[in-house]
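The values are calculated or read from the model by the stated rules, or taken from the named source; none is laboratory data. Keep in mind the model is a prediction, meaning the values are calculated, not measured. When we count neighbours, we look across all protein chains shown, and the Cβ atoms used for this are built from the backbone with ideal geometry, even at glycine. The protein model used for the area step is the full one, side chains on, heavy atoms only, and it has no ligands, DNA or RNA in it. Shrake-Rupley method; radii C 1.70, N 1.55, O 1.52, S 1.80 Å.
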Amino acid sequence: MSSVDRIVGDVKELGLAEKGKRKIEWANQQMPVLQLIRKRFIKEQPLKGIRISACLHVTSETANLAITLRDGGADVVLCGSNPLSTQDEVAASLVKDYGIPTYAIKGEDNETYYAHIASALDHKPQITMDDGADLVTSLVTKRKDLIPYVIGSTEETTTGVIRLRAMAKDGTLKFPVIAVNDALTKHLFDNRYGTGQSTLDGIIRATNLLLAGLKVVVAGYGWCGRGIAMRAKGLGADVIVTEIDPVKGIEAVMDGYRVMPMAEAAKEGDVFITVTGNKSVIRSEHFQAMKSGAIVCNSGHFNVEIDIPALEKLSSGKREARPLVDEYQLKDGRKIYLLGEGRLVNLAMAEGHPAAVMDMSFANQALCAEYVVKHAKDLRCEVYGVPENIDKEIARLKLDSMGHHLDKLTAEQEHYLASWQEGT
Ligand SMILES: NC(=O)c1ccc[n+]([C@@H]2O[C@H](COP(=O)([O-])OP(=O)(O)OC[C@H]3O[C@@H](n4cnc5c(N)ncnc54)[C@H](O)[C@@H]3O)[C@@H](O)[C@H]2O)c1
């Protein structure tokens, strides 16, 4: 095969490949669990000949997942799952150095974004991997002809799982999906510690703010919100939480935060972070109450959590104050700053989650792809959780890799726990 034949995909600039390769190798060092899986995959070839189309954030960590799948025998094609999250140098290296066709360019417009998804679908995938369900949604609406090829799918994030469950409910889902997000070794760590750290990393890189002493409003106290609130508090911020669920609300109060509706928080906050998976969480009435200089950003999956059209309506002008920091000049003279066009701030303004946490998330993806191949015939068109043995194995491997070791039950303890007659 000539080098020209190997250049397949649509990336910004193949000349960036060397920088991307170094980035991929750096991330690989922090991904020991995925490394072990890759070693076994090379030997056993569990994905031999399987066509996989993956629609994921094209980062150095994702590159290591794609390489692992390829080394397991799969024929892998990758496209971006968000127009702003692609690392162009990584995309270039995937094409040039690893021969993995990649369709993703940072800053691509909506039309290109969906054209890239269409290219990934042209691969006629037997397994799809999604982060937000855009690939599956496109497949079942625009490319129904491809449905017979698909044996199963995996989904990375909360919002995607919600969309896929809605599809299963109304009969639109035509193949089984494994909800990787629902693995304990995914959402307890990736959503909480990954989003917690990388969201603040994104805000700080974008603005160079000192968070100590600022009032940071976190909308949504789910797995991601808990992580963001915890890390903002650690940096000295006064954290306010907004919620709609009473259990999450009381949890936030007991964790030491003030809880109030957004209408009240809007008057107090210096920095606002939405992470609910919902829409219009910050809207016109809230912008109207905010202090001049307020910074607004989103770390939930879609860019609908902040009602940007409403902000535009209230504004007389806009300029880029810093890269990807838009200053909206409101008609009443106040200024509001929007980060990363309201898209995932950790991926738009920083590098997304650290590799060490993606190690577990992507170990789940790799093992779930293997599971789909092995068990496709027994699965129905439903959304399944990750099998418990996979979840536990990943936690065990991660602990080992970090040099921590667990106790073992004694025979007496096993008996005690298994018997209803004990316990007195
Ligand atoms: N930035 C990232 O890298 C990243 C990583 C993982 C997940 N996500 C995304 O972040 C979002 C949240 O994920 P999660 O795992 O924390 O979900 P979750 O379901 O655990 O939490 C969401 C929380 O938001 C609350 N909520 C819903 N509507 C609200 C409203 N109007 N006001 C206030 N609170 C509201 C819910 O009650 C819930 O507690 C999803 O879109 C998910 O896909 C982003």
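Set side by side, the residues V253, V177 differ, and just one is within 16 Å of the ligand (Cβ to nearest atom), of a type in the set (V, I, T) and free of Cβ contacts under 8 Å to residues at least 60 places away in the same chain, which is V253. Total residues in segment 142-191 satisfying the condition of being part of a loop (DSSP other than H, G, I, E, B) and within 13 Å of the chain's Cα centre (by Cα): the figure is 2. Within the option set I162, I240, I228, I244, being more than 30 Å from L399 (Cβ to Cβ), in contact with a helix residue (DSSP H, G or I) (Cβ under 7 Å, 6 or more places away or on another chain) and aliphatic (A, V, I, L, M) holds for one residue only, I240. The set of residues in segment 228-250 being surrounded by fewer than 17 Cβ atoms within 10 Å (Cβ to Cβ), away from the ligand (no atom under 13 Å from the Cβ) and assigned to a helix (DSSP H, G or I) consists of G234 alone.
Restricting attention to segment 378-424, the residues that are polar (S, T, N, Q) and surrounded by 14 or more Cβ atoms within 10 Å (Cβ to Cβ) total 1. Only residues that are closer than 17 Å to G132 by Cα, out of contact with any Asp or Glu (no Cβ under 7 Å at 6 or more places or on another chain) and not β-branched (V, I, T) were counted across segment 264-304, and they come to 5.
Of the candidates T128, T137, the single residue that is farther than 26 Å from M349 by Cβ and in a strand (DSSP E or B) is T128. Only one entry in G196, G225, G202 is closer than 21 Å to F272 by Cα, assigned to a helix (DSSP H, G or I), more than 9 Å from the ligand (Cβ to nearest atom) and open to solvent by less than 20 Å² (accessible area, probe 1.4 Å), namely G196. Listed by position, the helices (runs of 4 or more DSSP H) inside segment 51-122 whose residues that are surrounded by fewer than 24 Cβ atoms within 10 Å (Cβ to Cβ), among the charged types (D, E, K, R) and touching a helix residue (DSSP H, G or I) at 6+ places or on another chain (Cβ under 9 Å) number at least 1 are 60-71, 88-96.
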